[in-house]
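As structure tokens, the structure follows; a few thoughts come after it.
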Amino acid sequence: MADTPQSYALLPGAGDSPVILHVPHSSREIPAEVRSGIVLGDAELERELDHITDAHTAAIAEAAAEAAGITPWRFVNGLSRLVIDPERFPDEREEMLASGMGAVYTRTTHEDVLRPDGFDHGPLIERYFRPYAQAMTQAVADRLAATGRAVIIDVHSYPTAPLPYELHGAGPRPPVCLGTDAFHTPPGLLDAAREAFAPCGETGLDSPFAGTYVPLEFYEKRAEVTALMVEIRRDTYMTEPGGPAGPGLADLAAALRVLVDAVSR
């Protein structure tokens with residue numbers, strides 16, 4: 001694992017594009033100083049990364065961006081979510097704290113110990129979480145300034161079978177789950193997503209994962225910032241867990257491109 005991987009990358013799109021494809025969970029990279037605080041052995045850690053990583057989602061976003069009529073911006077996390085999870089609330093508002101999976105994870109997908117009791121989250125929050133949040137906030141602000149709006153499309157994946165850590169794993173697990181927010185996901189954005197992903201199979205709503213990511217500076221404050229989470233069931237495009245991508249990746253990238261084009265106009 002690289003000692004100093006880039007923490008995140010903002011990949012420029014067209015100046016008149018309001019769209020940011022956000023890819024927070026695609027990387028397996030863990031800096032050495034962060035690895036030292038994780039109690040799993042190397043083989044155990046690789047297995048955990050197989051389960052927790054949204055493998056190949058950066059490739060889906062890249063292919064969609066390259067094919068889009070108006071190139072969207074892409075904000076891609078260069079580090080594993082086992083370093084920090086940039087989409088969690090950094091405080092008690094985060095319901096995943098109950099599973100040991102707040103902004104800094106202390107438990108694994110199978111509820112084993114990842115970091116010891118009493119682990120100090122503060123340095124990871126300051127070194128990785130806050131700069132990421134600030135950079136994403138600025139990216140959204142720049143789209144607002146340039147186009148008068150911002151459309152955040154979160155690109156995720158999830159396993160075919162529920163993992164023990166999931167708080168809402170008993171519900172439907174469609175090929176594509178669309179996560180929504182009552183304030184930031186307008187009907188037109190949701191309709192566009194349903195139409196775009198229809199060729200990929202059934203689309204569901206907020207199950208097994210709900211909500212979407214909006215930087216806290218804009219959250220429930222700026223309706224011009226719209227957002228949608230796209231959760232793709234992994235068996236539709238890859239070998240689980242953590243295996244290679246298959247032919248379904250191109251179909252999903254094409255569907256994401258259709259969504260990007262629909263909301264860029």
- Task: Working from the alpha-carbon coordinates of segment 1-125, get Rg over Rh, Rh being the Kirkwood radius.
- Result: 1.02
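Kirkwood hydrodynamic radius, computed over distinct alpha-carbon pairs, for the chain: how many Å, to one decimal? Show your work: numbers first, answer last.
Working: mean 1/r = 0.0540 Å⁻¹.
Final number for the Kirkwood radius of the chain is 18.5 Å.
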- Query: What does the convex hull of the Cα atoms of segment 9-48 come to per residue, in Å³, rounded to a whole number?
  - Reply: 89
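Could you provide, to the nearest whole Å², the per residue accessible area of the chain with probe 1.4 Å?
Details: 11010 Å² over 265 residues.
Heavy-atom SASA per residue in the chain reads 42 Å².
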- Query: Can you work out D for segment 58-143 in µm² s⁻¹ from Stokes-Einstein, where Rh is the Kirkwood radius over C-alpha pairs, the temperature is 37 °C and the viscosity is 0.692 mPa s?
  - Reply: 223
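Looking only at Cα atoms, what is the convex hull volume of segment 77-229 per residue, in Å³? Could you put the intermediate results ahead of the total?
Numbers: hull volume 18.9 nm³, N = 153.
Measuring per residue, one finds 123 Å³ for the Cα hull of segment 77-229.
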- Item | Cα pair distances exceeding 18 angstrom across segment 164-265, given as percent | 52
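Per residue, how big is the convex hull of segment 196-250 when only Cα atoms are used? Give it in Å³. Write down the numbers at each step before the final one.
Values: hull volume 7.1 nm³, N = 55.
Dividing the Cα hull volume of segment 196-250 by its residue count gives 129 Å³.
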- Hey, what's the Cα Rg ratio for segment 25-92 versus the globular rule of thumb, 2.2 N^0.38 Å? 1.34
- Calculate, in nm to one decimal, what VAL39 and PHE119 gain on full extension: separation in residues at 0.36 nm each, minus their alpha carbon distance. 27.7 nm
- Kirkwood Rh in Å, taken over segment 104-166 so that all alpha-carbon pairs contribute: 15.0
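The values are calculated or read from the model by the stated rules, or taken from the named source; none is laboratory data. Predicted model, so just to flag it, every value in this text is computed and none were measured. We work out accessible area using only protein heavy atoms, side chains counted, and drop any ligands, DNA or RNA first. Shrake-Rupley method; radii C 1.70, N 1.55, O 1.52, S 1.80 Å.
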